[in-house]
Amino acid sequence: RLKYQGRRFAQIVKLKPEFEEKYKECHANVWPEVLKQIKDCNIEDYSIFYDPDSHILFASFKYIGYDWAGDMEKMAENPKVQEWWRMTDSYQESLVEGAKSSLAGSPPWWKGLQ
């Protein structure tokens, strides 16, 4: 039987320039509960890159689970993740038309790339 190789995802969002330092500070010390939930939802190799010229954040990760919708539902139900999203969303501007927040779900806050 072949091992499932997973699926890579890439997403972008815009960082409000006035929050660059706060954003970097919080991501230098991601809350342990958030990191655990990410792992428990079958996400690994998660990285976020920042382009200071365009203020774009580029996120990349690998999903190794078999139930994306279910895992994302579990992620969104975690109170610490909700608190984290409220904080980090306030530093960002979505590039998705009609997006309200990470908590709102659809349309997504981060713009998916192909």
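A short reminder: the numbers here are calculations on the coordinates, not readings from a lab. All values derive from a computational prediction rather than experimental measurement. We place every Cβ from the backbone using ideal geometry, glycine too, and count neighbours over all the protein chains shown.
For segment 1-42, enumerate the residues that are in contact with a Phe, Trp or Tyr (Cβ under 7 Å, 6 or more places away or on another chain), more than 22 Å from Ser94 (Cα to Cα) and not basic (Lys, Arg).
If the condition is that a residue be in contact with a Phe, Trp or Tyr (Cβ under 7 Å, 6 or more places away or on another chain), more than 22 Å from Ser94 (Cα to Cα) and not basic (Lys, Arg), then Gly6, Trp31, Asn42 are the ones that fit.
Cβ-Cβ below 8 Å, separation at least six or inter-chain, first residue in segment 96-114 and among the β-branched types (Val, Ile, Thr), second surrounded by 11 or more Cβ atoms within 10 Å (Cβ to Cβ) and in a loop (DSSP other than H, G, I, E, B): which pairs?
Val96/Pro107; Val96/Pro108; Val96/Trp109; Val96/Trp110
Out of segment 1-43, which residues are under 22 Å from Pro79 (Cα atoms), touching a strand residue (DSSP E or B) at 6+ places or on another chain (Cβ under 7 Å) and in a loop (DSSP other than H, G, I, E, B)?
Answer for segment 1-43, where residues must be under 22 Å from Pro79 (Cα atoms), touching a strand residue (DSSP E or B) at 6+ places or on another chain (Cβ under 7 Å) and in a loop (DSSP other than H, G, I, E, B): just Asn42.
Collect the residues in segment 42-71 that are of a type in the set (Asp, Glu) and on the phi < 0 side of the Ramachandran plot, keeping them in residue-number order.
The answer is Glu44, Asp51, Asp53, Asp67, Asp71.
Within segment 84-103, is there a residue that is in contact with a helix residue (DSSP H, G or I) (Cβ under 9 Å, 6 or more places away or on another chain), hydrophobic (A, V, I, L, M, F, W, C) and buried (at least 17 other Cβ atoms within 10 Å of the Cβ)?
Yes, some residue in segment 84-103 is in contact with a helix residue (DSSP H, G or I) (Cβ under 9 Å, 6 or more places away or on another chain), hydrophobic (A, V, I, L, M, F, W, C) and buried (at least 17 other Cβ atoms within 10 Å of the Cβ).
Kindly check whether there is at least one residue in segment 84-105 that is hydroxyl-bearing (Ser, Thr, Tyr) and assigned to a strand (DSSP E or B).
No, that holds for no residue.
Would segment 65-74 turn up any residue that is within 23 Å of Glu93 (Cα to Cα), in a helix (DSSP H, G or I) and under 14 Å from the mean Cα position of the chain (by Cα)?
Yes, some residue in segment 65-74 is within 23 Å of Glu93 (Cα to Cα), in a helix (DSSP H, G or I) and under 14 Å from the mean Cα position of the chain (by Cα).
Just need a number here: residues in segment 1-14 that are surrounded by 11 or more Cβ atoms within 10 Å (Cβ to Cβ) and farther than 26 Å from Glu97 by Cβ.
1
Anything in segment 60-82 that is surrounded by fewer than 16 Cβ atoms within 10 Å (Cβ to Cβ), under 22 Å from His27 (Cα atoms) and in contact with a Phe, Trp or Tyr (Cβ under 8 Å, 6 or more places away or on another chain)? List them, or say none.
Answer for segment 60-82, where residues must be surrounded by fewer than 16 Cβ atoms within 10 Å (Cβ to Cβ), under 22 Å from His27 (Cα atoms) and in contact with a Phe, Trp or Tyr (Cβ under 8 Å, 6 or more places away or on another chain): Ser60, Lys62, Lys80.
Exactly one of (1) in a strand (DSSP E or B); (2) within 12 Å of the chain's Cα centre (by Cα) is unmet by Tyr50. Its number?
So the condition that Tyr50 fails would be (2).
Looking only at segment 20-44, which residues are closer than 14 Å to Ile64 by Cβ, of a type outside the set (A, V, I, L, M, F, W, C) and surrounded by 14 or more Cβ atoms within 10 Å (Cβ to Cβ)?
Asn42
Checking the condition in contact with a His (Cβ under 7 Å, 6 or more places away or on another chain), surrounded by fewer than 13 Cβ atoms within 10 Å (Cβ to Cβ), touching a residue at least 24 places away in the same chain (Cβ under 8 Å) and more than 22 Å from Gln82 (Cβ to Cβ), which residue from Pro52, Pro17 passes?
Within the list Pro52, Pro17, the selection yields Pro17.
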